[in-house]
Amino acid sequence: MYLMALTNTDYILATIFFGILFLTAYAFRRKQQSANKFLFATDDVPVTQNNSWILGFGVIELAAAGTVGAMYGLSGLYQVLIIVIASFIVVYYISKALQMSSIYDYLANKIGPIASAIYAILSMLFLLLWLSVSVMLTSKLFLSLLGWNFVNSIFGITLLSIICIEVGGNKGVKYNSKFLQTIIILAFIFIVSLVFYTLPPVDIISNLKQLAINQGKGQDFYTTFNNLQFKNIINAFLPILIIMPIITALKIPKKLNIIPITLLQIGLLILMVICGILAITTKPGNISGNSNSKIITYQAQLPDGQMGYIVKSVDSTGDKSPNMVPGIIPPMLNSKTSLVEPGKYDYKLANVVVFRHYLPASAMFLLVITLMAAFIYAVSNYLLSIAKVITIDICPPLGLFKDYGIEGKLWCSRMSVIFAGAIGIFGGYFLGQWVNLEYLAYILFGFASFLVLILLFIIVIYRKHN
């Protein structure tokens, strides 16, 4: 069977969930008379404020945090804190150096509007790539976990997100984001609390130490906060965590205190990392009434030819060899031989399998709704951010739509959302069919580093001249 299976009741709950999102957006349908109201929910001249350091609550963040926890254990928390501190420092330095309303205004003032528009186009391309990767990753999750194909899952959910933005604009996105954030946070609080109630902390530490010994690593590999084998993680994620708050800076009527939301996001990220740790400390459960059989999750070729994940009972009689498998993380298949590759595990599913293992079958919809909430939250905010960049930071410097007034600017902002959504859908489908996820990661990290280096170079040069 698939890793998860939904009942008719679950589909009814999903319909109610989508209905709440649409009705929330519909409530603000009459408040979109101008581009400023559509994009910023105000006609006042908005000020720019960087987002807090973290990208958001999307599926990419969920998978990345779980992966760090599952691969590095408790030291994953230490690694996350290092990344947080480093990104805070750099973003603060850049924001202080800008002294303008946005990075694009800074570039327009220092170099010229054309240079600003070029950097805005590069930023837009990066956001479109990030959106496409999010679409692709979520699509693969739903296909492998539930058997839902691209059209039946991601296409429809992304289309709903576009409709909600077109109907409710910034206001609709804002209130829907609060609703989605609440679902995600409560879901992770619930599952982590449930695991700690089921599995005492002493057993968690003991299991982590035993796993490290079985894998031939030092006993404290997963339980120490001093594991410094994370240079690649720092080098990879730091540019993204720096550039995202800069290029997607919020434009709002007045400055807000971002400390509470930042602490909330850090807390959620820590919960996601802890959830990944719990995946490797959890042992595959035995079948009720049969101690010689156990339930495992593993990758398999599904009837439609796709690689997916299934649950299966296996005979564990007489199996006394050291268990090197990282908890309930599913092993991966070789794409050519369709056989399990020794020592290779799909760590990006760490958070997912914890939900699947500890939740009863009747509550499995909580995992599906959490994944949907994370995806819709990220997609909605990225679509709106891309529309802002196109409407405010690309078209005016290039002299586009200047003769069409308020209506032309509103039309541009609405079409930008549709354009970005279409690119995200087709880009996600293309990437899922022909591009390797590892290559995509290198492209994203390289692109982010390129944008950061350009920005730092310009700031350093102009600060020396001033």
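The values are calculated or read from the model by the stated rules, or taken from the named source; none is laboratory data. Since this is a predicted model, take the numbers as computed values, not measurements. All Cβ positions, even for glycine, are placed from backbone atoms using ideal geometry, and neighbour counts span all protein chains on display. Heads up: the accessible areas ignore ligands, DNA and RNA and are worked out on the full protein's heavy atoms, side chains in. Shrake-Rupley method; radii C 1.70, N 1.55, O 1.52, S 1.80 Å.
Taken as a whole, the structure leaves Phe457 outside the set of residues that are on the phi < 0 side of the Ramachandran plot, open to solvent by 40 Å² or more (accessible area, probe 1.4 Å) and touching a residue at least 40 places away in the same chain (Cβ under 8 Å). Exactly one of (1) closer than 25 Å to Ala63 by Cβ; (2) modelled with pLDDT under 90; (3) surrounded by fewer than 14 Cβ atoms within 10 Å (Cβ to Cβ) is unmet by Val368. Its number? If we test Val368 against (1) closer than 25 Å to Ala63 by Cβ; (2) modelled with pLDDT under 90; (3) surrounded by fewer than 14 Cβ atoms within 10 Å (Cβ to Cβ), just (3) comes out false. Taking the conditions (1) part of a helix (DSSP H, G or I); (2) modelled with pLDDT under 80; (3) among the aliphatic types (A, V, I, L, M) in turn, Val45 satisfies each one other than (1). Determine, yes or no, whether Phe196 is surrounded by fewer than 19 Cβ atoms within 10 Å (Cβ to Cβ) and either of a type in the set (Asp, Glu) or modelled with pLDDT under 80 (or both). In short, no. Taking segment 106-124 as the range and being in a helix (DSSP H, G or I), free of Cβ contacts under 8 Å to residues at least 12 places away in the same chain and either in contact with a helix residue (DSSP H, G or I) (Cβ under 8 Å, 6 or more places away or on another chain) or not aliphatic (A, V, I, L, M) (or both) as the test, the residues that pass are Tyr106, Asn109, Ala115. From the list Leu127, Leu81, Leu98, Leu122, the one residue that fits, being surrounded by fewer than 23 Cβ atoms within 10 Å (Cβ to Cβ) and more than 20 Å from Phe445 (Cα to Cα), is Leu98. Collect the residues in segment 166-180 that are closer than 15 Å to Ala373 by Cα and of a type in the set (A, V, I, L, M, F, W, C), keeping them in residue-number order. Val173, Phe179, Leu180, listed by residue number. Take the conditions (1) over 19 Å from Thr370 (Cα atoms); (2) open to solvent by 30 Å² or more (accessible area, probe 1.4 Å); (3) among the small types (Gly, Ala, Ser); Gly76 misses just one of them, which is (2). Among the residues of segment 1-33, those that are polar (S, T, N, Q), open to solvent by less than 90 Å² (accessible area, probe 1.4 Å) and at pLDDT below 80 comprise Thr7, Gln32.
Just so you know, in segment 378-409 the residues that are more than 30 Å from Leu145 (Cβ to Cβ), assigned to a helix (DSSP H, G or I) and of a type in the set (Gly, Ala, Ser) include one that is nearest to the chain's Cα centre (by Cα), and it is Ala387. Cβ separations smaller than 8 Å between residues 6+ apart or across chains give no pair from segment 75-90 residues that are under 21 Å from Leu453 (Cβ atoms) and of a type in the set (Lys, Arg) to residues that are surrounded by fewer than 18 Cβ atoms within 10 Å (Cβ to Cβ) and modelled with pLDDT under 80. Looking across segment 144-182, the residues that are within 21 Å of Ile423 (Cβ to Cβ) and among the aliphatic types (A, V, I, L, M) come down to Val151, Ile154, Ile157, Leu159, Leu160, Ile162, Ile163, Ile165, Val167, Val173.
Among the residues of segment 347-377, those identified as in contact (Cβ under 8 Å) with a residue 24 or more places away in the chain and not in a helix (DSSP H, G or I) are Leu359, Met364.
In segment 435-454, is there at least one residue being under 30 Å from Val195 (Cβ atoms), assigned to a helix (DSSP H, G or I) and in contact (Cβ under 8 Å) with a residue 12 or more places away in the chain? Taking every residue of segment 435-454 in turn, at least one turns out to be under 30 Å from Val195 (Cβ atoms), assigned to a helix (DSSP H, G or I) and in contact (Cβ under 8 Å) with a residue 12 or more places away in the chain.
Just one of the listed residues (Ser132, Ser177, Ser153) is part of a helix (DSSP H, G or I), buried (at least 22 other Cβ atoms within 10 Å of the Cβ) and either in contact with a Lys or Arg (Cβ under 6 Å, 6 or more places away or on another chain) or of a type in the set (S, T, N, Q) (or both), namely Ser132. Among what's in segment 420-445 and is under 30 Å from Gly112 (Cα atoms) and open to solvent by 40 Å² or more (accessible area, probe 1.4 Å), pick the residue that is modelled with the highest pLDDT. Among residues in segment 420-445 that are under 30 Å from Gly112 (Cα atoms) and open to solvent by 40 Å² or more (accessible area, probe 1.4 Å), the one modelled with the highest pLDDT is Ile423.
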